[in-house]
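The values are calculated or read from the model by the stated rules, or taken from the named source; none is laboratory data. Model, not experiment: these values are computed from the prediction. Don't worry about glycine lacking a Cβ; one is built from the backbone with ideal geometry, like all the others, and counts go over all protein chains shown.
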Amino acid sequence: MRSFRKRLRRSVRVEVFQEYCANSSIHGVRYFDRDERTSCERFWWLVAFLLSMAGCGVMIYKTYVKWNEVPIIVTFSEKTTPAWDMQFPAITICPETKMSSEKLNFTAEINGLWAVFFQENSTANDDM
């Protein structure tokens, strides 16, 4: 009787695992239990999946340790305080957009516009 229950539990687990693999949206999981895959292919998919999960776990752990050692505190105050009353470095302002120094070089832009302006005017005077 016990062996029948064990086989029944095992078959239910296998069916649930097969259904999970067939309907999972996690990339690679559906290849664990495909009939057209050989045992070797299934093994390598399992190894790749486990390695990627281990890599994700290591990255999450390192991020948590870094956050735990050097926490970032963000506060928003309703009361305005002048910058000179704050201890350095109490505030950091990061611009939302990163600008290229080439785009902010107004001298080069003005010189280019003047060159075009004088070139157009000099050809108009030469024709007369």
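Observations, loosely collected:
- Cβ separations smaller than 6 Å between residues 6+ apart or across chains give the following pairs from region 33-46 residues that are without any contact (Cβ under 8 Å) to a residue 24 or more places away in the chain to residues that are exposed (fewer than 14 other Cβ atoms within 10 Å of the Cβ) and assigned to a loop (DSSP other than H, G, I, E, B): Trp45/Gly28.
- Meets criteria (modelled with pLDDT under 75, part of a loop (DSSP other than H, G, I, E, B) and surrounded by 10 or more Cβ atoms within 10 Å (Cβ to Cβ)) for Thr81: yes
- Qualifying residue in region 115-125 (condition: outside any helix (DSSP H, G or I), modelled with pLDDT of 70 or more and either small (Gly, Ala, Ser) or farther than 30 Å from Phe76 by Cβ (or both)): no
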